[in-house]
Amino acid sequence: MIARPRRRPLPMPTNLAIALVLASALIGCASAPGGEGPIAPGYYRKAIDSPIRTEQDRRLDAARHPAEFLPFTRIRPGMRVLDVSAAAGYTSQLLALAAGPTGTVFAQNPRERPALSRRLVDHPQANLVPVLRPFDDPVPDQASKLDLITIVQNYHDICNLPVDRAAMNARLFAALKHGGHLVVTDHSARSGTGLADTKTLHRMDEAVVRAEIERAGFVLEAEGDFLRNPADPRDQISYSSKIPTDKFALRFVKP
């Protein structure tokens, strides 16, 4: 038998090589379901610009800063999320749009919220699930191994109710995966006021939030300044303030 020399592979055409590199890069930018990888450019903007969002929600965007809030939460396609004290569903719907059809967002309220029900009647979202649960135990049975939990501008309201916040935070900690996140935003009270302004000014002392949540086992991972307003004296009722309120944004992680 005559041994034939092995053929060398032909060099790849330059244009094809470039195309394959670009395709690989694009694939790398798409985060795996429930993962923490990079997100495709414009992904969050697509959620914010969704036609199912209401005009009222869009007016709230100026104060809520969703373009900064969504990346801060580190939400990714396919994630399982719990929005505590979802109210009418402004944040819940944004999170559901960002989690995509393979993700699920549980919108928790302690009682029926007609505005949330109406939102889902007008624009049904299969991955946005309203749940009625008490704040002491806000996690539904089907919501184990969560990737993300949010409490947006409502921690101070929870403080005004007969809620065992230590039990609530412990339940949230248990429901998250290791490496999962809890994001809390609220209207800032003056430092050192404790719980004195939660009912009168509807504001929250950031130090109290940090202490209570860290006591449950969470570790503070990041602070966001996208809701800050140094010009706010923090001595006015948050919902009737003539200027945008100063707000803190805290992202905790479950080690």
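In this label model, Arg190 and His123 are separated by 4.1 nm, measuring between points 7 Å along each Cα→Cβ vector.
Annotation: the antiparallel percentage among DSSP beta bridges lying fully within the chain is about 40. For the residues Ala222, Ala189, Ala87, a GNM of the chain with alpha-carbon springs under 10 Å puts the largest fluctuation on Ala222. With a Förster radius of 30 Å applied to the beta-carbon distance between Thr200 and Leu132, the computed FRET efficiency rounds to 0.55. Couplings 3J(HN,Hα) for the stretch 119-136, derived from phi with the Karplus relation 6.51 cos²θ - 1.76 cosθ + 1.60 (θ = phi - 60°), are 4, 7, 6, 5, 9, x, 10, 4, 9, 10, 10, x, 9, 9, 9, x, 5, 4 Hz, where x marks Gly and Pro.
Accessible surface for the chain, divided over its residues, is 52 Å² per residue with a 1.4 Å probe.
Excluding Ile48 itself, what net charge comes from residues whose Cβ is under 12 Å from its Cβ, given Lys and Arg +1 and Asp and Glu -1? Before the final figure, lay out each step's value.
Numbers: positive: Arg45, Lys46, Arg53, Arg58, Arg64; negative: Asp49, Asp57, Asp61, Glu68.
Net charge around Ile48: +1.
Relative to the longest principal axis of the Cα atoms of the chain, helix 165-175 runs at roughly 10 degrees. Each residue was assigned an accessible area with a 1.4 Å probe, and for Thr198 the value is about 10 Å². The accessible-area ordering, largest first, of the residues His123, His156, His178, His202 stands as His178, His123, His202, His156, per a 1.4 angstrom probe. So for the stretch 113-255: antiparallel DSSP bridges make up what percent, rounded to the nearest 5? Restricted to the stretch 113-255, the bridges split so that about 65 percent are antiparallel. Amide H contacts of Leu176 (H built 1.01 Å from N, in plane; Pro and chain starts excluded): Leu146 sit under 5 Å, all sequence-distant by 5 or more or on other chains.
Taken along the Cα-to-beta-carbon direction at a fixed 7 Å, the label points for Gln236 and Asp141 span 4.8 nm. Among the lysines of the stretch 109-255, pairs that are 8 or more positions apart or on different chains and have alpha carbons within less than 28 Å of each other number 6.
Each other residue within a Cβ distance under 10 Å of Ser188 adds +1 if Lys or Arg and -1 if Asp or Glu, for a net charge of -1.
The values are calculated or read from the model by the stated rules, or taken from the named source; none is laboratory data. Values in this document were obtained by computation on a predicted structure and should not be read as measured data. Note that each Cβ is placed from the backbone with ideal geometry, even for glycine, and that neighbours are counted across all protein chains shown. Just so you know, the surface numbers come from the protein's heavy atoms only, side chains and all, with ligands and any DNA or RNA stripped out. Shrake-Rupley method; radii C 1.70, N 1.55, O 1.52, S 1.80 Å.
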